[in-house]
Amino acid sequence: MLRLKDTKSKFAFSYGYLLNKMYPYIRMVLGRTLLLFVLAVPLGLLDGVVAFSLRPYLDYVVNGNPSQTFELAGHTLKLQEFWIKLIPLGIVTFALVQGVLKYICNYLTDWTGNKMANSLKVDLFKKLTSMDTKFFDVNSSGLVLSRFLTDPEQASKSLINTLKSLILSVFEFFALVFVLLFNSWKLALIGITVMGIAITPVVLVRKKIKSVSNATMVVSGDMTTNFNETFAGNKIVTAYNLQENQNHKYENQIHTQFNLAMSLTKRVGWMSPIMYFVCSIGIAIVMMYGNSLIVSGEMSAGSFASFVTSLLLLYKPTKTLGNTLTSLQSTFVAMARTFELFDLMPEIKNKPQAKLLNGVGSGISFEHVNFEYEENQPVLKDFNLNVKPNETIALVGNSGGGKSTVVNLIPRFYDVKSGSIKINGIDIRDYDIVSLRNNISFVFQDNYLFTGSIRENIIMGKPDAGKDEISEAIRLSHLDEFLDTLPDGIDTVVGERGASLSGGQRQRVAIARALIKNSPIVILDEATSALDNESEAIVQKALDNLMQNRTVFVIAHRLSTIHNADRIAVLNEGELVELGSHDELIKIPNGKYKYLYDMQFSGSTV
Ligand SMILES: Nc1ncnc2c1ncn2[C@@H]1O[C@H](COP(=O)(O)OP(=O)(O)O)[C@@H](O)[C@H]1O
Ligand SMILES: [Mg+2]
């Protein structure tokens, strides 16, 4: 099973592979993306226009001859006057065109980037909900969250953004180079050579940047996990005075992040000054040589001004091109990390032509079941048990003996390592998973309530439940009196995880949920263990109703529950050591059940 912490993003350099994976998402926004890329071309060319128009401005307006004329469409016009009128008009038109283009490009960039990110996130969410329990055992929710939130966003938004600025910069670059060449190819040669020298270090350090940025991502993942743990586990942190601890951990992480950031700055920070220095040498040479060209009359002053302006403007697209390549690489890293998640395959899935399960006809049997969570650490060892329809089986044994594990195997939270679990004589792995789980209701020690009303939490068990069904479930789960005390009754909204309800109330909502689901198999894993005596009594009444006429597995610490079970299975370190009714087991001299009974239950009342 993949541990997200150890991912290597091995596909980060397989560009073809990644683009192929990304293609379905690109295709959804292809039209607008292409429009964006097409519009980026004129936007890129605009800088060249500014540099280009300096030449007629200087030559014809500033240094112009008022009596010089030229022919346009059969009319004779004065050259200086023409340009004096044209240039203000040109400036306004230019600003208008630039503004409109920029707006449209920004709009399209955001639209396509967000659309793509959203589709990726929806699909990734589906992928994650399809993963089995084991995946979430080995990967903390914080890590899953940070991977989910950052990578798909970067993979799509910065892909669009980077490609857009790549196109923009390329055209900006070529437009400016064109202006250079147009004004003087000799000077242009000098200028471009110098620019080439200045840009070389950018290409050289790119590889180093990548390794640092990978390390930075890992640290930020750790920081998110730490953050989530600190605040999700707020009560534990407070109770054990772990604040100091958590603060310290966070400080360390932020320190590592700082060092990484600074090492990047150290590696990259010297580039820009050096580039400026090399460029200044270039400009100095251009100036010297340019002066001689002007003096000899080979070049006009306007042409020279236009040239120098282009050369200065050229710095920006050149630098952007360098950066674009780096961010394109980060984008590919994000893509690799995203598709790594898509490549996850749940280990527990339907077989082709899976059968539908409809009730417990002939019982549930565990046959030579072996199971382990971690390799070579057996948790269940050759476990055998036959449960008859509508029988109540109590599982008892030391903590860590494997009771929860036994019941977790029935809805296939995990699959057995060897042996099999059969319902009606058919291996549960041959049933359709949804239909298998539809036949099972679970009540845990701590039941998860979702943010929403109590009604919503109850009908989760059967979304199309009618009014009568709901009130019956409420009555049988002994929730009615409590709901009557609430101003909004069943429509009262419970906080995150049902925080606004007491433990006993939460359990009864969970029982109502199970009652309305009305499934033939019921599993109760320490459903009353976290409760005080008073709430335990009422929750137990609700449980008794739930257990009626169903096949029940019950793990409980309460003697009466165990006493009333048809049979008791005693587990010790993953092995079934005794099986029988209370009366049978209590008679076994030196028996495990008798021992547990004397230890645990002797004080309680039946
Ligand atoms: N998700 C898990 N990953 C790894 N080991 C687990 C996991 N759940 C339980 N175990 C281990 O399996 C053994 C049996 O646990 P469990 O079935 O929960 O016992 P019980 O419910 O009887 O107290 C224990 O040693 C426990 O540490
Ligand atoms: Mg347990």
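Can you tell me how many residues in the range 452-489 are of a type in the set (Asp, Glu) and more than 22 Å from residue 437 (Cβ to Cβ)?
Residues that pass the stated criteria total 6.
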Qualifying residues in the range 139-191 (those that are over 25 Å from the mean Cα position of the chain (by Cα) and polar (S, T, N, Q)) - the one nearest to residue 230 (Cα to Cα): 165
Can you pull out every residue in the range 386-398 that is hydrophobic (A, V, I, L, M, F, W, C) and within 8 Å of ligand 1 (Cβ to nearest atom)? 395
Residues of the range 386-418 being crowded, with 19+ Cβ neighbours inside 10 Å and away from ligand 2 (no atom under 16 Å from the Cβ), which ones? 387, 392, 412, 416
Being within 16 Å of ligand 2 (Cβ to nearest atom) and within 16 Å of residue 392 (Cβ to Cβ) is the filter here; which residues of the range 527-551 pass it? 527, 528
Among the residues that make up the range 297-313, is at least one of them modelled with pLDDT of 85 or more, under 30 Å from residue 113 (Cβ atoms) and buried (at least 16 other Cβ atoms within 10 Å of the Cβ)? yes
Counted residues, the range 446-457 - those being in a loop (DSSP other than H, G, I, E, B) and either of a type in the set (Asp, Glu) or over 29 Å from the mean Cα position of the chain (by Cα) (or both): 1
Show the residue pairs that are 6+ apart or on different chains and have beta-carbon atoms under 7 Å apart, the first residue being within the range 287-316 and over 11 Å from residue 179 (Cβ atoms), the second being among the polar types (S, T, N, Q) and crowded, with 21+ Cβ neighbours inside 10 Å. 293/184; 299/184
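In a strand (DSSP E or B), surrounded by fewer than 17 Cβ atoms within 10 Å (Cβ to Cβ) and not hydroxyl-bearing (Ser, Thr, Tyr) - does that describe any residue in the range 358-368?
So far as the range 358-368 goes, yes, one or more of its residues are in a strand (DSSP E or B), surrounded by fewer than 17 Cβ atoms within 10 Å (Cβ to Cβ) and not hydroxyl-bearing (Ser, Thr, Tyr).
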Here is a check on your reading of the model: is residue 511 within 16 Å of ligand 2 (Cβ to nearest atom) and either part of a strand (DSSP E or B) or crowded, with 16+ Cβ neighbours inside 10 Å (or both)? no
If you go through 594, 587, the only one that is under 20 Å from residue 401 (Cα atoms) and more than 16 Å from ligand 2 (Cβ to nearest atom) is 594
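Looking for whichever is in contact with a helix residue (DSSP H, G or I) (Cβ under 9 Å, 6 or more places away or on another chain) and surrounded by 20 or more Cβ atoms within 10 Å (Cβ to Cβ) here; the options are 450, 442. Which one fits?
Going through 450, 442 in turn, just one is in contact with a helix residue (DSSP H, G or I) (Cβ under 9 Å, 6 or more places away or on another chain) and surrounded by 20 or more Cβ atoms within 10 Å (Cβ to Cβ): 442.
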Cβ pairs under 7 Å, 6+ apart, first in the range 395-421 and touching a residue at least 24 places away in the same chain (Cβ under 8 Å) and among the hydrophobic types (A, V, I, L, M, F, W, C), second more than 7 Å from ligand 1 (Cβ to nearest atom) and part of a loop (DSSP other than H, G, I, E, B): 409/416; 421/410
In this structure, does residue 60 turn out to be touching a residue at least 12 places away in the same chain (Cβ under 8 Å), under 30 Å from residue 173 (Cβ atoms) and not β-branched (Val, Ile, Thr)? yes
Meets criteria (out of contact with any Ser or Thr (no Cβ under 9 Å at 6 or more places or on another chain), modelled with pLDDT under 80 and under 30 Å from residue 310 (Cβ atoms)) for residue 193: no
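Let's see how each residue does on (1) touching a residue at least 60 places away in the same chain (Cβ under 8 Å); (2) of a type in the set (Val, Ile, Thr); (3) farther than 30 Å from residue 4 by Cβ:
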residue: 83; (1), (2), (3): no, no, yes
residue: 89; (1), (2), (3): no, no, yes
residue: 97; (1), (2), (3): no, yes, yes
residue: 100; (1), (2), (3): no, yes, yes
residue: 111; (1), (2), (3): yes, no, yes
residue: 137; (1), (2), (3): yes, no, no
residue: 141; (1), (2), (3): yes, no, no
Among the strands (runs of 3 or more DSSP E) confined wholly to the range 545-606, which include 2 or more residues that are more than 26 Å from residue 359 (Cα to Cα) and within 16 Å of ligand 1 (Cβ to nearest atom)? 567-572, 575-580
For the range 528-538, give me each residue that is touching a helix residue (DSSP H, G or I) at 6+ places or on another chain (Cβ under 6 Å) and either within 16 Å of ligand 1 (Cβ to nearest atom) or within 15 Å of residue 442 (Cβ to Cβ) (or both). 528, 530
Selected residue (criterion: surrounded by the most Cβ atoms within 10 Å (Cβ to Cβ)) from residues of the range 372-385 that are within 32 Å of the chain's Cα centre (by Cα) and within 9 Å of ligand 1 (Cβ to nearest atom): 372
Of the residues in the range 527-538, those that are in a loop (DSSP other than H, G, I, E, B), of a type in the set (A, V, I, L, M) and without any contact (Cβ under 8 Å) to a residue 40 or more places away in the chain come to 531
Step by step: first the residues of the range 399-441, then only those that are among the β-branched types (Val, Ile, Thr) and part of a helix (DSSP H, G or I), then the one that is nearest to ligand 1 (Cβ to nearest atom). Which residue is that? 405
Among what's in the range 514-526 and is within 16 Å of ligand 2 (Cβ to nearest atom) and in a strand (DSSP E or B), pick the residue that is surrounded by the fewest Cβ atoms within 10 Å (Cβ to Cβ). 525
When the residues of the range 281-296 are filtered to those that are exposed (fewer than 12 other Cβ atoms within 10 Å of the Cβ) and among the small types (Gly, Ala, Ser), which remaining residue is farthest from the chain's Cα centre (by Cα)? 296
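The values are calculated or read from the model by the stated rules, or taken from the named source; none is laboratory data. As the structure is a prediction and not an experimental result, all values here were calculated from the model. Using ideal geometry, Cβ is built from the backbone for each residue, glycine included, and neighbour counts are taken over all protein chains shown.
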